[in-house]
Every structure is written in C-alpha cells, then in structure tokens.
Amino acid sequence: MAKAPTSQGPGAVEQLAGWVMAQRAQDIPAAALNQAKVLLLDTIGCGYAAYEEEAAHAVLATLKEMGGAPQCTVIGNAIKTNAPNAVLVNGSLIRILDLNDYVNTKSGQIGGHPSDNIPVALAAAELSGSPGRDILTAIVFGYEIYGRLKELMDRNSDWDGVTVSGFAAPAMAGRLMGLDRGQLAHALALSGARAVTPAAVRQGDISAAKSVANALVAQNGMQATILAKHGLTGPLDLFENQYGLKTVFPGLNWIGPLTAPLTADSYIMSCHVKMYPCLATGQSIVAAGLALHAQINGDVDRLRRITVAIADTPSLQRQKDDPGRIDPKSREAADHSFNFLGAVALLDGDFGLAQFNNDRWNDPKVRAVMARLEIVCDASLNPRAPAGFPCAMRATGVDGRSYLAEVLDPPGFSRTGIDTAAVLKKFNSITAPHLTAGARDRIIEAAMGLDKESSCEELTKALAKA
C-alpha cells in the first residue's frame with residue numbers, strides 16, 4: 001500500500017494511480033476504441049517502414065547484443081526479447097521516420113507523439129495475456145495521460161515533451177499487468193524520477209537521439225513497473241517535493257485536470273496521422289511546396305521570391321529560428337528543417353523516404369533553394385486553422401506573376417476523426433517493400449479486430465517475421 005507523502009492526503013502520483021485504476025474498460029466510448037485500433041495499425045506500419053534506416057540497423061544490432069528472455073515480440077523479427085528491451089526496440093522503430101501520429105494539446109501547443117508508447121501496451125499485454133479490449137483501453141489512457149501532462153508543461157521550457165511518457169508508460173503497463181493502486185503509484189514515481197529529458201534532443205545539432213528519446217523513457221517505464229510489481233518503492237512526493245518535478249510541471253492546482261473524468265473528446269480523438277516523414281509542424285509546408293511545384297511545373301528558376309508563412313506561436317518561432325534546422329547536417333535534422341522540407345517538396349513535386357536519399361540536405365541544388373526561402377510567422381493564419389499548423393507559400397515570378405499555395409490543414413489532419421481508409425492506404429504503401437500482401441492483410445485483420453480477441457496473440461504472431 002502506498003503511503004501518503006503529506007499529512008494533507010495522497011499526492012499527485014497516488015491520485016494519478018487511483019485515477020488509472022478506477023477507469024472501467026466498458027466505459028470507453030466506441031469511437032475512442034476504434035481510433036485506438038486505427039492508430040495501432042498506423043504505428044505498426046511506421047515500424048516496418050523504418051527497417052532500412054541506419055538508426056534501425058543500430059537498434060536491431062543492439063537487440064542482438066543485449067538478448068533478453070524471449071517474452072515479447074519485436075516488430076518484423078522472429079527474435080523475442082524481454083519486455084523492457086521490446087519497448088526500446090519497437091519504440092525506436094516506430095519513431096525513426098518521424099511518420100507516426102501527433103496530437104495538439106487543447107491549449108494549442110505542440111503535443112507530441114503519444115503512439116510512441118503503444119509498444120508498452122503490446123509488451124505488457126504479451127506478459128499478462130490481456131484481452132484485446134483491455135489493450136485498446138490502456139492505449140486510450142496512455143494517450144490521455146500524455147496529453148494532459150503536456151498541457152501542464154511550460155511550452156517554452158528546456159524540457160522535451162517525451163518526459164510525460166515517464167508517467168504514461170507505467171500507467172499503461174501497470175494497468176495491464178495487474179498492479180494494485182499502491183504498486184502503480186510506486187511504478188509512476190520510479191519511472192517519473194528518471195524520465196526528464198532535455199530539449200536538446202530536438203534542438204540545435206539534432207542527432208539520432210530524437211528517434212530513441214521516448215523509447216528510452218518508455219523502456220524505463222516498463223522496467224519501473226516490473227520493479228514496483230516486486231515491491232520496489234519510489235518517491236511518491238515527486239511532484240510536491242521541492243527537489244522534485246515542480247520546474248518541469250510548473251502549474252498550480254493542476255491535479256484536478258489531470259484526474260478529471262474521461263470525456264468523449266479525449267486526447268486520442270484529437271490525434272492526426274502523418275502523410276509525410278517529417279515533423280508535425282512541417283506537414284503543411286510539404287503540402288504547400290507540392291502544390292506550388294504543380295503551379296510552376298517544377299521550374300523553380302521562374303520564381304524571384306519565395307515566402308513560406310506559418311502560424312505565429314512561440315514554439316514555431318523557436319523551430320524556424322533554430323540554427324540546427326536552418327542548416328541541417330543529418331537525416332534527423334533534415335526532417336525537422338522547414339527550409340529543407342519546403343525546398344525538396346518544391347523541387348521534386350514529391351515527398352517520401354526517397355527525398356532523404358544520398359544526403360539530399362547537402363545537395364547544392366537543394367541548398368540553393370533552401371537559401372532562397374524566407375520563412376516567416378504570420379499571425380493572420382492562427383485563427384484560420386485553430387490548433388493546427390497552417391502554411392501559405394507565396395511566390396513572385398521573374399515576370400511579376402504572383403503564386404499562392406495555401407494549406408490550412410494538411411493531408412492526415414482531421415478535426416472530425418481519423419480517416420480509416422487513408423490509414424489503410426498509408427499502411428499498405430509504406431509496408432509494401434517489407435511485407436507481402438498476405439502478411440499485410442493478416443496484420444490489418446488482427447489490429448482492426450483486436451477488440452474482439454481474448455489476447456494479442458494473433459496480432460503478435462502476425463508481427464513476427466516468419
């Protein structure tokens with residue numbers, strides 16, 4: 001049994017644990033469960049699509065070296081490993097391409113990628129034999145905790161958003177693995193105490209650390225859950241202690257929003273899927289670049305001036321002014337560079353994994369167009385796409401003609417729920433180089449029928465490479 005950290009009663013960690021354990025699977029709206037299935041499929045597809053990336057090779061080589069008890073499935077691999085290692089590998093695979101989903105918080109700040117923690121639900125379910133509906137329920141709760149905690153972070157702080165997965169991951173795992181409320185509180189405390197990640201993983205000289213940052217936090221969350229299950233305790237006053245996480249979550253009187261009832265407009269219903277392998281705030285820039293390419297028939301030389309206007313928010317200002325993004329030196333920096341994204345889309349009229357081949361960010365032709373792009377924040381776009389990342393690409397030709405390619409909501413962005421057909425099309429497209437049509441169909445059937453299954457066995461069998 002967890003002991004209250006103060007005489008006033010249970011602290012935030014224990015209250016969060018109580019909230020997680022009090023929720024009933026049968027109370028989750030059908031729309032949220034369906035959204036969880038669609039996002040599960042999208043996430044799995046992103047894992048397969050990353051298999052040829054250098055970072056994926058490094059992670060898979062690490063798996064081979066680490067080994068681990070054969071408990072949990074690795075996406076696309078016959079090798080099984082222990083639960084924490086499975087979370088690390090699968091979490092890295094799904095994140096490497098920057099192609100998995102994203103959520104914007106209700107206050108409008110950049111919300112991150114809650115699907116990063118889906119591997120936690122899969123690993124915990126394999127350990128415990130949980131029914132499919134319980135797995136989807138855990139995913140819904142993971143998304144909710146992720147979104148609510150992101151709301152409580154200072155959007156201009158020095159801490160990266162993956163920090164919140166230090167609480168989402170053990171909440172998902174602990175619920176599925178049958179921890180009691182006290183054990184879960186300690187799992188949350190143990191995990192949260194090691195979760196804080198500096199924003200440097202996504203700023204400046206961006207490295208492969210951005211691809212594994214959440215996976216490392218989630219791996220720790222799974223490990224903390226197992227430790228707490230066997231009786232290890234954590235700092236239950238993690239939020240209240242003067243040496244705890246007050247500077248990471250600086251809001252006052254915020255425990256109410258964190259443990260409020262789950263509503264129909266939960267965070268999983270606010271998610272969007274990506275159609276381009278780049279950061280969420282760059283999706284409209286790519287789409288606008290493709291549209292302008294079509295208007296000029298790919299002849300960039302006919303343009304004298306090119307302005308890329310985006311919404312005016314502190315986060316976007318920081319992203320556009322980041323020297324490491326303006327002048328990308330790596331694949332990881334390129335997919336976060338507004339300059340690179342706009343230039344390549346404008347030049348190629350296409351944007352997929354091939355646009356990163358041969359270190360395109362170093363191509364003189366690409367560099368020349370990157371240097372010509374004037375990227376500005378335009379507050380007039382903000383009310384036209386609330387909680388979105390709109391882009392207006394404006395250009396003037398050498399003949400004086402004006403061009404405008406405006407994208408308020410990019411492909412994959414949805415204000416009314418994710419388009420299942422679009423996700424199915426994306427899944428088949430990005431996994432086709434790695435899976436036969438039959439293998440793809442088996443994964444789709446297992447993921448979309450998970451709520452009717454007594455376990456995740458059919459899904460994990462479909463994920464394991466034959």
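The values are calculated or read from the model by the stated rules, or taken from the named source; none is laboratory data. This structure is a prediction, so every number in the text was calculated from the model and none was measured. We place every Cβ from the backbone using ideal geometry, glycine too, and count neighbours over all the protein chains shown. Side chains are part of the model used for accessible areas, which takes the heavy atoms of the whole protein and leaves out ligands, DNA and RNA. Shrake-Rupley method; radii C 1.70, N 1.55, O 1.52, S 1.80 Å.
Based on DSSP H runs of at least 4 residues, each adding -39500 (n - 2.57), what is the mean residue ellipticity at 222 nm of the chain after dividing by all its residues, to the nearest 500 deg cm²/dmol?
Calculated at 222 nm, the ellipticity per residue is -14500 deg cm²/dmol.
Straight distance only, please: which aspartates and glutamates reach the Cα of K64 with their own Cα at less than 19 Å, same-chain residues fewer than 8 apart left out?
Counting by Cα, and skipping residues close in sequence, K64 has these aspartates and glutamates nearby: E52, E53, E54.
What does the charge dipole of the chain about its Cα centre add up to, to the nearest 20 debye, if the Cβ of each Lys and Arg holds +1 and the Cβ of each Asp and Glu holds -1?
Dipole magnitude for the chain comes out near 60 debye.
Specify the longest stretch of the chain that does not include any exposed loop site, a site being one of the trypsin sites (Lys or Arg not before Pro) with a non-H, G, I, E, B DSSP assignment and at most 15 other Cβ atoms within 10 Å.
It runs 25-193.
Cα axis of helix 83-95 to longest principal axis of the chain: angle in degrees, 0 to 90, nearest 10?
For 83-95 against the chain, the angle is about 20 degrees.
Using alpha carbons only, how many angstrom separate the centre of region 216-244 from the centre of region 299-375?
40
By how many degrees, 0 to 90 and rounded to 10, does the Cα axis of helix 437-448 deviate from the longest principal axis of the chain?
50
Checking the cross-link filter: which aspartates and glutamates have an alpha carbon closer than 13 Å to that of K229, excluding same-chain neighbours under 8 positions apart?
Qualifying aspartates and glutamates at Cα under 13 Å: D180.
Accessible area per residue of the chain at 1.4 Å probe, in Å²?
Each residue of the chain exposes 38 Å² on average to a 1.4 Å probe.
Please say if region 256-403 is rounded, prolate or oblate, where rounded means a/c under 1.5 for a ≥ b ≥ c the square roots of the C-alpha gyration tensor eigenvalues, and otherwise the choice is prolate for a/b larger than b/c and oblate otherwise?
prolate
Between the helical axis of 54-66 and the dominant principal axis of the chain, each derived from Cα atoms, what acute angle in degrees is found, rounded to the nearest 10?
On a 0 to 90 degree scale, this one is about 20.
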